[in-house]
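Q: After the structure tokens below, expect a handful of questions from me.
Bear in mind these aren't lab numbers, they're just calculated from the coordinates by the rules spelled out. Since this is a predicted model, take the numbers as computed values, not measurements. Backbone-built Cβ (ideal geometry, glycine too); neighbour counts: all protein chains shown.
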Amino acid sequence: MRQYALKRIALIIPTVLLVSIIVFTVMRLLPGDPALVILSEGDATFTQEELADLREQLGTNRPIVVQYGDWIYGLVQGDLGTSIWRSGQPVTKLVGERIWRTLELAVLAIIIAVAFAVPLGVISAIKPDSIIDYVSRVITLVGISIPTFFAGLLVVLILSRGFGWLPPLGYADLWDDPWKNLQQMFLPALALGFYDMAFIARVTRSSMMEIIREDYMRTARAKGLAERIVLVRHGLKNAVLPILTISGWQFGRLFGGTVIIESIFKVPGIGTLLIETVFQRDFPTIQAIIIVIAVSIVIINLLVDLLYGLLDPRIRYA
Amino acid sequence: MTTTNTGQGLAAVDADAQLLEMRPRQTQVQKIVAFSRTKPLGAISAVIILLTILAAVVSYAVPGVLPHDPLDVRAHEEKYLPPQPGAWLGSDHLGRDELSRLIAGSQISIYVGLLSVGIGVTLGALIGILSAYIGGVVDLAIQRIVDAMMAFPPIILALGLVAVLGGSANNVIMALLVILLPGTIRVIRSQVLSIKELDYTLAATAIGAGSIRIMLRHILPNVIASYIVLGTITLGFAIIIEASLSFLGVGVPPDIPTWGGMLTRGTEEIRIAWWLAVFPGIAISVVVFAINFLGDALRDTLDPRLRGR
């Protein structure tokens, strides 16, 4: 296991390096001169001096390789640069304040998704072509086709108009007021997790259906074990591997979804920060947010891989 | 003796050829009829998609077919008019006609979707074929870049690109190209890797066919099915990304009617006028739903190997 873990960890270094080069290329090379882009927005006029000042501030007057080296050097030390929009504020602070809220949202969404999806998928698999199976298949098909933002709107519409339920106003952090925070986060997490719920339920259904036909299930029943124990200990335990992989994989997608869900539900997370900075053309902050998200996804994928190896000995020794 | 033999042999070949000619060949129409019989949902989806494309093209070419000018704030006397005869989908906060805006909104979705997928999947397929065929260092380099590209959530990469390029329909297409390429390259490459080892490719190499001839005549025709399926599936994805960007207000300029943009306004007013959010939402969902269904049906019909992707 240790060798497997070391090998997997070593492999992410080149990936992260490449990710950083892509972000840098997109954010620094593509616009040509970010200073010019920022200043010439709209019909604004500016002097050569202002242009030179902004270039100096952004550091774009130096050779491109030096810029990249500087950025990476700072990155390794946890320095993500300075924001243009919130002039002078370190980006690390801006991102650090907000990333936890986004992470909370994503974790809640995954918990809600798995909590609904696994029972739905299992029931669907053990009673194929029953009414529950049909209902669950329709729900899951709708779930994977509805865009995240429409799911968000439907959740608001149904709960507020249909049930008159509204989350408390004014954002509260988890550690300041846990109850208020959870009430506020429930709706966005539900909307965010809807797609993943559908996807995980489909995977659970298909992997359970395969497992039900396995010899060891028949053996377990022949031993006289209760049906519940057969399904949970022998069935679900084996079905959990693909479910876990998909859930970890979906986690990356959730980060994308949070951008939209946070802006609908006005959650001050990293997604709303990204939108604000895109409007403000705050290139250093945009660049920082994208790299933080991409690296987080690489790390989550690594953790899923490691967990997979821990749970399934066949992977470790392959 | 030998001549007779050859004669008989030739006769047999002739008979085979005749039999082949007698076998009824499916015309395009028959193929479509067969597809609608086996995949009725796929066929209905195809009709929905064609109607949407038709609505977009016709309303662009002849704006007069729309019930009202989508930008006309005096289309209706009242603001926030609920759906009723004459204003079938109601009116918005400025009194503009929601139905006309919805039809006009399909133009951007279809334009951005078709163009980005057309260029993106074609380019991705070509790079995928080259990457797999050339192999070695080139393949390794391309695949590592593809790996890294896949670490970005599509919408976040799109936001970054639009921030840099500026918001316009063509820049959204550019951003979508960058997003669509890695997945397409990956799928086509894996197919070419197996086609490369098949007997007919080896036979072509053995009789001295050049690389370009092999790629164009032997590999390309065999990835066409995957290409069509990928194009269909990614079209839904492209439409969602465009709508998401417009929804967030960073895609196409806000004065052009788009489904995503209409949804943004609808969200803000969801408690006063539910129809402003619900209709554009349904429009996007139905089109994407239809595209996914058609994609699944085409995949099952054309290329069962892609199942489960």
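Q: Counting only other chains, what is the mean number of Cβ atoms within 10 angstrom of the Cβ of each residue in peptide B:249-257?
A: 1
Q: Expressed as cubic angstrom per residue, what is the convex hull volume of the alpha carbon set of segment A:65-153?
A: 180 Å³
Q: Give me the percent of Cα-Cα pairs in segment A:1-89 that sit more than 15 Å apart, rounded to a whole number.
A: For segment A:1-89, the fraction of Cα-Cα distances above 15 Å is 70 percent.
Q: On a 0 to 90 degree scale, rounded to 10, what angle separates helix A:148-157 from the longest Cα axis of chain A?
A: Relative to chain A, helix A:148-157 is tipped by roughly 70 degrees.
Q: Give me a single rounded figure for A:254-263: the average over its residues of other chain Cβ atoms within 10 Å of their Cβ.
A: Mean partner-chain Cβ count within 10 Å for A:254-263: 4.
Q: If you place +1 on the Cβ of every Lys and Arg and -1 on the Cβ of every Asp and Glu, how big does the dipole about the Cα centre of segment A:1-154 come out, in debye to the nearest 20?
A: Roughly 900 debye, rounded to the nearest 20.
Q: Run a plain Debye calculation on chain B (Cα atoms as equal point scatterers, no solvent) and give log10 I(q)/I(0) at q = 0.10 Å⁻¹, rounded to two decimals, same order as the q list.
A: -0.70
Q: Give me the three principal axis extents of segment B:167-309 from the C-alpha atoms, as integers in angstrom, largest value leading.
A: Cα spread of segment B:167-309 along its principal axes, largest to smallest: 72, 30, 17 Å.
Q: Hey, what did chain A get for relative contact order, percent, Cα under 8 Å, at least 6 apart?
A: 27 percent
Q: Test of understanding: ordering B:ASP97, B:ASP255, A:ASP305 by Cβ neighbours within 10 Å, fewest first, what list do you get?
A: B:ASP255, A:ASP305, B:ASP97
Q: Would you kindly calculate the translational diffusion coefficient of segment A:100-198, applying Stokes-Einstein with the Kirkwood radius from alpha carbon pairs, for 10 °C and a viscosity of 1.306 mPa s, and quote it in µm² s⁻¹ without decimals?
A: 109 µm²/s
Q: Now for a different question. Cα centroids of segment B:151-217 and segment B:78-105: how far apart, whole angstrom?
A: 42 Å
Q: Next question. Across all directions of projection, what mean area in square nanometres is found for the Cα convex hull of segment A:145-286?
A: Spelled out: convex hull of the Cα atoms, projected over all directions, averaged, 12.3 nm².
Q: Alpha carbon centre of segment A:60-119 versus segment A:179-210: separation in Å?
A: Centre-to-centre (Cα) distance: 25 Å.
Q: Output the Kirkwood hydrodynamic radius of chain A, Cα pairs only, in Å rounded to one decimal.
A: Taking the inverse mean of 1/r over all distinct Cα pairs, chain A comes out at 22.6 Å.
Q: If you don't mind, there's one more thing I want to ask. Using a Förster radius of 60 Å, what is the FRET efficiency between B:LEU202 and A:SER40 based on their Cβ-Cβ separation? Nearest 0.05, please.
A: 0.55
Q: Here is a follow-up. Dividing the alpha-carbon Rg of the protein assembly as shown by 2.2 N^0.38 Å yields what?
A: Here the answer is 1.09, to two decimals.
Q: Over the alpha-carbon set of segment A:249-289, work out the extent along each principal axis and list the three values in angstrom, largest first.
A: 29, 22, 11
Q: Among A:ILE299, A:ILE158, A:ILE246, which one shows the highest mean-square fluctuation when chain A is modelled as a Gaussian network with alpha-carbon springs under 10 Å?
A: The residue with the greatest mean-square fluctuation here is A:ILE158.
Q: Which one of A:GLN67, A:GLN48, A:GLN280 has the biggest mean-square fluctuation once chain A is modelled by GNM with Cα springs under 10 Å?
A: Sorting by GNM fluctuation, first place goes to A:GLN48.
Q: Suppose R0 equals 22 Å; then what is the FRET efficiency for A:THR25 and A:ASP53 from their Cβ-Cβ distance, rounded to the nearest 0.05?
A: Result of the calculation: an efficiency of 0.30.
Q: Starting from the Cα of B:VAL73, step 7 Å along the direction of its Cβ; do the same at A:VAL240; then give the gap between the two resulting points in nm.
A: Taking the two extended label points, one gets 6.1 nm.
Q: What's the magnitude of the charge dipole for the protein assembly as shown around its Cα centre, counting Lys and Arg as +1 and Asp and Glu as -1 at the beta-carbon? Answer in Debye, nearest 20.
A: Using only the charged Cβ atoms, the result is roughly 2340 debye.
Q: Over the alpha-carbon set of segment B:127-238, work out the extent along each principal axis and list the three values in angstrom, largest first.
A: Between the extreme Cα coordinates on each principal axis of segment B:127-238 lie 53, 29, 18 Å.
Q: Select from B:ALA104, B:ALA163, B:ALA243 the residue whose mean-square fluctuation is largest in a Gaussian network model of chain B (Cα-Cα springs shorter than 10 Å).
A: Maximum fluctuation in the GNM of chain B, among the listed residues, is at B:ALA163.
Q: Cut-off is 10 Å between beta-carbons; in what order do B:TYR200, A:TYR195, A:TYR308 appear when sorted fewest neighbours first?
A: B:TYR200, A:TYR308, A:TYR195
Q: Rounded to the nearest 20 Debye, what is the dipole magnitude of segment B:238-309 about its Cα centre when Lys and Arg each give +1 and Asp and Glu each give -1 at the C-beta?
A: 260 debye
Q: Students often get this wrong: which residues of segment A:109-130 have the backbone nitrogen under 17 Å from the point 7 angstrom along Cα-to-C-beta of A:GLU214?
A: Those under the cut-off are A:122-123, A:125-126.
Q: Taking 7 Å along the Cα-to-C-beta vector as the label spot, tell me the B:GLN143-A:LEU310 distance in nanometres, rounded to one decimal.
A: 2.9 nm
Q: Taking 0.36 nm per residue of separation and subtracting the Cα-Cα distance, what length does fully extending A:TRP175 through A:PHE163 add?
A: That works out to 1.5 nm of additional length.
Q: Give the total of Lys-Lys pairs in the protein assembly as shown with Cα-Cα distances below 24 Å; include a pair only if its members are 8 or more places apart or on different chains.
A: So the count of such lysine pairs works out to 6.
Q: For each of B:TRP274, B:TRP88, A:TRP71, count neighbouring Cβ atoms within 10 Å of the residue's Cβ, then give the residues from fewest to most.
A: Ascending number of Cβ neighbours within 10 Å: B:TRP88, B:TRP274, A:TRP71.
Q: A follow-up question, please. Restricting to DSSP H runs of at least four residues, report the calculated mean residue ellipticity at 222 nm for the protein assembly as shown, -39500 (n - 2.57) per run over all residues, nearest 500 deg cm²/dmol.
A: -24500 deg cm²/dmol
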